[in-house]
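K.L.:
Below is a structure I'd like to ask you about.
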Amino acid sequence: LLLVRNELPAPGLNLAARSGSCHQCLYQFLAFVPPSDESLRKPGTASVMVDTQHPLTLLLNSSVGDRDLCKIQYHFGEFGNYSLVVKTLSTSTQTVSCDIIINEGPINSYLPILFAFLVYMGILAILIAGRLLMKIDPVRNWVYKKLNPRATDRMINSELGSPNTADSINCDPTPQSWSTGSRQRLRSLDTFRGLSLVIMVFVNYGGGKYWFFKHESWNGLTVADLVFPWFVFIMGTSIALALGSMLRWGSSKWKVLRKIIWRSFVLILLGIIVVNPNYCLGPLSWDNLRIPGVLQRLGFTYLVVAALELLFTRADSGTWEGRFPALQDILPYWPQWIFILVLETIWLCLTFLLPVPDCPRGYLGPGGIGDFGKYPNCTGGAAGYIDRLLLGEKHMYQHPSSGVTYQSTMPYDPEGILGTINSIVMAFLGLQAGKITLFYKDQPKQIMSRFMIWGIVMGVISAILTKCSKEEGFIPINKNLWSISYVTTMSCFAFILLLLIYYLVDVKKWWSGAPFLYPGMNSILVYIGHQVFANYFPFKWKMQDSQSHAEHLTQNLTATTLWVIISYILYRKRIFWKI
């Protein structure tokens with residue numbers, strides 16, 4: 001709450017504000033502050049609610065003549081009570097001072113995060129301590145005896161006490177395939193996928209209503225912007241491993257292609273019919289059905305990348321005997337790289353050369369009040385225009401993240417048509433990570449060094465494209481547009497993160513991958529389930545204070561943890577939902 005006290009005489013003041021996260025934005029009018037009553041010596045007052053997520057620039061000017069009196073930059077705290085006192089310092093020079101006074105201090109909105117962190121660390125410490133104690137024979141025997149005194153020996157030799165069986169991972173219920181697949185499957189891939197999925201579920205449930213767990217309004221990155229491209233990346237990695245495995249087991253390419261087409265079709269259908277519609281608004285209707293979506297993009301991306309890999313993959317991924325053996329995971333697949341470069345050229349040409357009515361060519365901005373309000377209906381430039389032209393405004397996402405900060409009113413879909421090209425590029429880079437693990441299997445140093453090289457290369461490309469700047473680069477990092485700099489940046493992070501997880505989980509075996517391993521092995525079930533049951537207890541309940549970060553964080557973390565527990569139970573029962 002900001003109370004403005006105006007001790008100046010007539011004519012009064014206009015108060016406007018601009019968010020620090022709003023690039024090149026117009027000031028937005030907040031309130032008219034009446035002049036002081038000199039006869040009663042009573043200042044004019046006005047109270048407004050102000051944003052606390054980002055620093056604000058407050059502008060006070062005269063209501064007549066539009067003369068700027070003062071400009072203040074300040075980062076207000078949540079639930080704080082402030083006063084802005086405007087007065088004349090010197091009657092001779094008419095010098096005006098504007099001072100902010102804290103009437104009531106803001107709360108520390110980050111304490112719930114600290115408390116939640118300590119709780120989860122406590123749980124982790126208890127689990128680690130319990131695991132270490134269970135390795136001690138007398139303790140383990142005593143626990144099993146207390147659990148079931150009549151069958152102590154059976155319990156000791158059961159699956160519960162057999163680390164070899166418990167550590168096995170595969171989706172095939174047959175015993176022979178189970179033991180064979182468990183030695184080949186990389187736990188780090190499931191762990192990486194599960195980590196991305198858990199963060200995605202938490203973010204989709206609200207992220208405790210913290211701004212950094214929401215998508216960035218336009219250019220830039222938040223935690224919420226990391227997870228979807230990582231999911232696409234690891235999907236590409238899995239394609240390389242899965243197709244090679246199916247071909248080695250004797251499946252024909254036509255049979256594999258039919259499976260690819262079927263899986264893509266099911267993913268797209270699930271996205272359109274199950275996940276996207278809001279059935280609370282009524283029965284499913286074509287009039288306002290959103291066509292793009294997360295599962296739709298995953299399905300189409302999977303179709304293109306898997307078909308591309310199937311066309312050139314070999315059942316035997318042995319050492320390449322051509323020139324430059326160090327590039328054996330790249331050179332034999334040069335047609336794939338040409339195809340990807342052609343796709344990226346199409347994205348660049350459409351983005352920067354396609355004429356968009358009433359918009360500058362190559363526009364990448366959010367529209368609305370951005371760019372000083374010059375292009376209010378140009379949200380997303382060519383990407384938005386293509387979607388509105390081919391899909392229609394009613395079949396797109398109606399509430400883009402740019403709507404709050406930039407006050408854009410045009411529908412814009414972050415999973416639109418043009419951005420799908422770059423999601424294919426993202427999956428293809430993940431496919432490259434999969435090829436590395438295939439070509440250099442049993443050579444962890446080679447795998448890790450190549451992950452590091454790819455991460456550095458992607459990081460350098462991102463630095464060049466963005467000029468290491470949020471707003472001033474050639475192509476800014478933008479999740480809504482799925483810009484190529486966004487793809488290279490997320491790929492850089494993905495290669496480095498996969499390197500770390502691979503080292504900890506598969507090389508040194510210091511970490512089993514838990515708890516992220518479990519949702520990573522049932523990713524489709526967890527994703528669809530968390531969407532379908534989002535508004536049902538125990539994933540959601542009525543809160544006492546909807547403005548409380550603590551209550552939102554408790555609810556969102558509880559819901560996310562429940563899905564991890566569900567995936568663990570399914571893992572223990574060897575139930576894996578595959579399409």
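K.L.:
Can you give the alpha-carbon Rg of the stretch 416-556 over 2.2 N^0.38 Å, where N counts its residues?
P.N.:
1.34
K.L.:
So which trypsin sites (Lys or Arg not before Pro) in the stretch 483-579 pass both tests, a DSSP loop state and at most 15 other Cβ atoms within 10 Å of the Cβ? If you can, show how the numbers build up before the last one.
P.N.:
Numbers: sites: K508, K509, K540, K542, R572, K573, R574, K578; in loops: K508, K509, K540, K542, K573, R574, K578.
For trypsin sites (Lys or Arg not before Pro) across the stretch 483-579 that sit outside H, G, I, E and B with at most 15 neighbouring Cβ atoms in 10 Å, the list reads K508, K509, K542, K573, R574, K578.
K.L.:
I would also like to ask the following. Based on the Cβ-Cβ distance from K394 to K71, what FRET efficiency comes out when R0 is 35 Å, to the nearest 0.05?
P.N.:
Values: r = 42 Å, r/R0 = 1.20.
The computed FRET efficiency comes out at 0.25.
K.L.:
Oh, and also: If R0 is 41 Å, what FRET efficiency do you get for W337 and A116 from their C-beta distance, rounded to 0.05?
P.N.:
Efficiency, from the Cβ-Cβ distance: 0.40.
K.L.:
In cubic angstrom, how much convex hull volume per residue do the alpha carbon atoms of the stretch 2-104 span?
P.N.:
98
K.L.:
Loop only per DSSP, at most 12 neighbouring Cβ atoms within 10 Å: give me the chymotrypsin sites (Phe, Trp or Tyr not before Pro) in the stretch 205-281, ordered by residue number.
P.N.:
Passing both the DSSP loop test and the Cβ count: W249.
K.L.:
Find which of S36, I369, T237 sits farthest along the positive direction of the dipole of the chain, computed with +1 on the beta-carbon of Lys and Arg, -1 on that of Asp and Glu, about the Cα centre.
P.N.:
Value: T237.
K.L.:
With loop defined by DSSP as not H, G, I, E or B, and exposure as at most 16 other Cβ atoms within 10 Å, which is the longest segment of the chain clear of exposed GluC sites (Glu not before Pro)?
P.N.:
79-320
K.L.:
Are there trypsin sites (Lys or Arg not before Pro) in the stretch 1-101 that DSSP puts in a loop and that have at most 12 other Cβ atoms within 10 Å, and which ones?
P.N.:
For trypsin sites (Lys or Arg not before Pro) across the stretch 1-101 that sit outside H, G, I, E and B with at most 12 neighbouring Cβ atoms in 10 Å, the list reads R41, R67.
K.L.:
Hey, can you find the accessible area per residue of the chain for me, probe 1.4 Å, expressed in square angstrom?
P.N.:
Result: 51 Å² per residue.
K.L.:
Using a 1.4 Å probe on the protein chains only, how many percent of the accessible area of the chain belongs to carbon and sulfur? Kindly include the intermediate steps, with their values, before the conclusion.
P.N.:
Details: 18560 of 29390 Å².
That share works out to 63 percent.
K.L.:
A further question follows. Taking 0.36 nm per residue of separation and subtracting the Cα-Cα distance, what length does fully extending L89 through K542 add?
P.N.:
So the extension gain works out to 157.9 nm.
K.L.:
Just need the relative contact order of the chain here, percent rounded to a whole number, with Cα pairs under 8 Å and 6+ apart. All intermediate terms of the calculation are to be shown ahead of the outcome.
P.N.:
On the way: 937 pairs, mean separation 89.4, N = 579.
Contact order relative to length: 15 percent.
K.L.:
For the chain, what size does the Cα cloud have along each of its three principal axes, sorted from largest down, in whole Å?
P.N.:
Computed over the chain, the largest-to-smallest principal extents equal 94, 65, 50 Å.
K.L.:
Evaluate Rg over Rh across the stretch 309-449, taking Cα atoms for both radii and Kirkwood's formula for Rh.
P.N.:
That ratio is 1.16, to two decimals.
K.L.:
Counting only helical runs of four or more DSSP H residues, what would the 222 nm mean residue ellipticity of the chain come to if each run contributes -39,500 (n - 2.57) and the total is spread over all its residues? Can you show the working numbers first?
P.N.:
Details: 18 runs with 267 residues, N = 579.
Dividing the helical sum by the residues of the chain leaves -15000 deg cm²/dmol.
K.L.:
Further question: Positive end of the charge dipole of the chain (Lys, Arg +1 and Asp, Glu -1 on Cβ, about the Cα centre): tell me which of A129, W262, T301 has its Cα farthest that way.
P.N.:
A129
K.L.:
Taking Cα pairs under 8 Å and at least six residues apart, what relative contact order does the stretch 460-579 come out at, in percent?
P.N.:
The normalised contact order for the stretch 460-579 reaches 18 percent.
K.L.:
Another question about this same structure. If packing is taken as the average number of other Cβ atoms within 10 Å across a peptide's residues, how do 529-538, 459-468 rank, most packed first?
P.N.:
With the highest mean Cβ count within 10 Å placed first, the list reads 459-468, 529-538.
The values are calculated or read from the model by the stated rules, or taken from the named source; none is laboratory data. Given the structure is predicted, the values throughout are model-derived calculations rather than measurements. Note that each Cβ is placed from the backbone with ideal geometry, even for glycine, and that neighbours are counted across all protein chains shown. Heavy atoms of the whole protein, side chains included, go into the accessibility calculation; ligands, DNA and RNA do not. Shrake-Rupley method; radii C 1.70, N 1.55, O 1.52, S 1.80 Å.
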